[in-house]
Amino acid sequence: MSPNLIIDMRCLQDRHYAEPGIGHHASCIVSRAPFPFIGLVDPNLPSLPPHFAELAVTLSPHAYIPNLAPGTVLLNPSPMWRQDQSFLARLLCHPGVTKAALVHDFISFDNQQTCLTQPGERLKYFSSMAWLRHYDLFFPISEDTDQRLKTLYGGVESRVTGVALPYWMHRITPQQPRHILMVGGGEPRKNSALLLRACAGSAILRDVPVVITGVYSAAAQERLCAQFPATFPGWVTELEMRALYAAAICVVTPSRAASFSLPVVEATAAQAPAVVSDIPAHRALITDPALRFAPDDADRLAAILERLVQDKSYRASVTAQQWPVWQPFSGAAVARKVWSALTPARPALRRNVRPRIAMLSPLPPAKSGVADYSAALAKTLAARVALTLFTEENVEANAHLSRNFDRVISTIGNSTLHTGIYNHAVRWGSAAICHDARLLNLTSGFGLEHAANLASAEIGRRVTPQEAASRRRKSTAGRPMKARARRVFSAPWRKRPAP
């Protein structure tokens, strides 16, 4: 039987991450999941694109997944992404879940002075690194990343995958070569200036157009063009990118640091010679040292480019030599490396102890039917489970995130007194005991517009804030139920002798 599968899809809610570069790796793996799966999304982020949302059997707005079956697998396609990784804490701390993560790089950690310049960025990044210790199986994208992973985390279990060639890069027909191409970006490690210095210093290259894609600020473009008048088309479509590759004399990747170089794989698939900086990630792909240069050696790069520009037969021989480079990186081949490893060999760990329950609720001496009911329920429940109680005054996310609890129960009524419990239940997920059919008083505490939007979604028509305000009153329908709760539960509890 296939294991239950849960995939964190939050990174795919960010189109600027999901569409270009390394984000394509996550979408490639997720789109080829061989088992039905639950997708985790964050309602505070943009909606998941429909073509991703349709992949999941169901979408959950939190990581509180009840009734996990033995052999459940959690896959995180981007554990170092900028969103809060404690979102997954319930699953990462679950002893019966196999946790797997795709690992792209540790470039920010290794270049903290330039990549992690703000305290908030540093805190979030190092928090993500700490959560990474909770995973059981890792899928680094290159041997270089795998070595760095094991240096930082010890002898962890890993499978190197590479990164898949985007589907739109297949079957490009080369055109008349017109320009030198660089797939760049504004990060300093992309090292765009080196390419321009090399071209500016060569009489042969000065008349050859240079195109550098990627997002650069106006100031950065002005600074770079002062060295050499390159063209910066900015963000380009897939069709435009295909056309740029098809007309490339060669593709230069001068990066100072990289974990896996997708532009190199794309260049070889487009039959454009790849010229690369001499770093580990590039050496793993381009084995001919005649096509590599030190990241600061503009003269060496200029000499390589001059030969490719002038010698058509040499350019053709390089293209033929590099043609096999891209072939191990088809989408199917890369995804197969992940999914073939994600079938746990043994069932989830079972503990022969009482279930550990955290219950969040008002309790006496609070004078309310909800408090009385919860106290009576807690007295009965404590005889069957290991119960920890949290009141509104001491409610914390620790109840939801801690590995000390198997389940979390939130008791919610139609009052702003329950706001903290409600907020944590929505954010982190939990089972819920709801004491009122209508929660307008509670939801109106976040503003009438918020309450009206929730009501609109529930009843399928537009509810205005004015209508929500007119109906904002404490429901009388709940009062008899609370009275019965005091009568049925509270009285027997007070008469029962202490254990």
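What are the pairs with Cβ atoms under 7 angstrom where one residue, in region 209-221, is under 24 Å from residue 177 (Cβ atoms) and the other, located anywhere, is among the charged types (D, E, K, R)? Sequence gap at least six, or different chains.
From region 209-221, the pairs are 209/178.
Name the one entry in 192, 158 that is within 21 Å of residue 309 (Cα to Cα) and either in contact (Cβ under 8 Å) with a residue 12 or more places away in the chain or assigned by TED's automatic domain parsing to the domain that holds residue 315 (or both).
None of the other options fit; the residue is 192.
Restricting attention to region 298-336, and to residues there that are over 12 Å from residue 275 (Cβ atoms) and acidic (Asp, Glu), which single residue is nearest to the chain's Cα centre (by Cα)?
Here the residue is 299.
Which one is farthest from residue 341 (Cα to Cα), of the residues in region 67-117 that are under 16 Å from the mean Cα position of the chain (by Cα) and basic (Lys, Arg)?
82
Inspect all residues belonging to region 120-138 and state whether any of them is surrounded by fewer than 17 Cβ atoms within 10 Å (Cβ to Cβ) and farther than 23 Å from residue 107 by Cβ.
yes
Criterion first (among the small types (Gly, Ala, Ser), free of Cβ contacts under 8 Å to residues at least 12 places away in the same chain and part of a helix (DSSP H, G or I)) does residue 374 satisfy it? Talk me through it step by step, then tell me what you get.
Details: among the small types (Gly, Ala, Ser): yes; free of Cβ contacts under 8 Å to residues at least 12 places away in the same chain: no; part of a helix (DSSP H, G or I): yes.
No: the conditions fail for residue 374.
Using beta carbons and a limit of 7 Å, which pairs, at least six apart or on different chains, have the first residue in region 173-184 and in contact (Cβ under 8 Å) with a residue 40 or more places away in the chain and hydrophobic (A, V, I, L, M, F, W, C) and the second one surrounded by fewer than 24 Cβ atoms within 10 Å (Cβ to Cβ) and in a loop (DSSP other than H, G, I, E, B)?
Close Cβ pairs satisfying both conditions: 180/208; 183/214.
Just wondering, is there one or more residues in region 19-31 that are at pLDDT 90 or above and more than 16 Å from the chain's Cα centre (by Cα)?
Within region 19-31 (the criterion being at pLDDT 90 or above and more than 16 Å from the chain's Cα centre (by Cα)), the answer is no, since none of the residues qualifies.
Say whether the condition of being within 24 Å of residue 146 (Cα to Cα), assigned to a loop (DSSP other than H, G, I, E, B), among the charged types (D, E, K, R) and touching a residue at least 60 places away in the same chain (Cβ under 8 Å) is met by at least one residue in region 21-38.
Yes, the conditions are met somewhere in region 21-38.
Among the residues that make up region 42-50, is at least one of them assigned to a strand (DSSP E or B), in contact (Cβ under 8 Å) with a residue 12 or more places away in the chain and among the polar types (S, T, N, Q)?
no
How about region 136-160: which of its residues are touching a Pro at 6+ places or on another chain (Cβ under 7 Å) and under 26 Å from residue 86 (Cα atoms)?
146, 149, 158, 160 - these are the residues of region 136-160 that are touching a Pro at 6+ places or on another chain (Cβ under 7 Å) and under 26 Å from residue 86 (Cα atoms).
Residue 418 versus (1) at pLDDT 90 or above; (2) farther than 30 Å from residue 134 by Cα: which is the lone unmet condition?
Condition not satisfied by residue 418: (1).
With respect to residue 108, is the statement that it is of a type in the set (S, T, N, Q), over 27 Å from residue 60 (Cβ atoms), touching a Lys or Arg at 6+ places or on another chain (Cβ under 8 Å) and surrounded by 15 or more Cβ atoms within 10 Å (Cβ to Cβ) true?
no
Please go through region 305-326 and pick out each residue that is surrounded by 12 or more Cβ atoms within 10 Å (Cβ to Cβ), of a type in the set (D, E, K, R) and under 27 Å from residue 170 (Cβ atoms).
Of everything in region 305-326, just one residue is surrounded by 12 or more Cβ atoms within 10 Å (Cβ to Cβ), of a type in the set (D, E, K, R) and under 27 Å from residue 170 (Cβ atoms), namely 315.
Looking at region 154-198, which of its residues are surrounded by fewer than 19 Cβ atoms within 10 Å (Cβ to Cβ) and within 25 Å of residue 117 (Cβ to Cβ)?
Across region 154-198, the qualifying residues are 185, 186, 187, 188, 189, 193.
Given the conditions (1) surrounded by fewer than 17 Cβ atoms within 10 Å (Cβ to Cβ); (2) outside any loop (DSSP other than H, G, I, E, B), and given that residue 229 satisfies all but one, which numbered condition is not satisfied?
Going through (1) surrounded by fewer than 17 Cβ atoms within 10 Å (Cβ to Cβ); (2) outside any loop (DSSP other than H, G, I, E, B) one by one, residue 229 breaks only (2).
Could you tell me which residue of region 257-283 is farthest from residue 211 (Cα to Cα), considering only residues that are assigned to a loop (DSSP other than H, G, I, E, B) and modelled with pLDDT under 95?
259
Tell me yes or no: at least one residue of region 390-399 is assigned to a loop (DSSP other than H, G, I, E, B) and farther than 20 Å from residue 87 by Cβ.
Yes, that holds for at least one residue.
Mind telling me which of the residues 403, 407 ends up being modelled with pLDDT under 85 and either among the basic types (Lys, Arg) or assigned by TED's automatic domain parsing to the domain that holds residue 96 (or both)?
Of 403, 407, the one residue that is modelled with pLDDT under 85 and either among the basic types (Lys, Arg) or assigned by TED's automatic domain parsing to the domain that holds residue 96 (or both) is 403.
Could you list all residues from region 203-238 that are touching a helix residue (DSSP H, G or I) at 6+ places or on another chain (Cβ under 6 Å), within 19 Å of residue 251 (Cα to Cα) and not aliphatic (A, V, I, L, M)?
228, 232, 238
Which members of region 54-77 meet the condition of being more than 17 Å from residue 89 (Cα to Cα) and touching a Ser or Thr at 6+ places or on another chain (Cβ under 8 Å)?
Of all residues in region 54-77, those more than 17 Å from residue 89 (Cα to Cα) come to 54-59, 69-71.
Scanning region 54-77 gives 55, 71.
The values are calculated or read from the model by the stated rules, or taken from the named source; none is laboratory data. Model, not experiment: these values are computed from the prediction. All Cβ positions, even for glycine, are placed from backbone atoms using ideal geometry, and neighbour counts span all protein chains on display.
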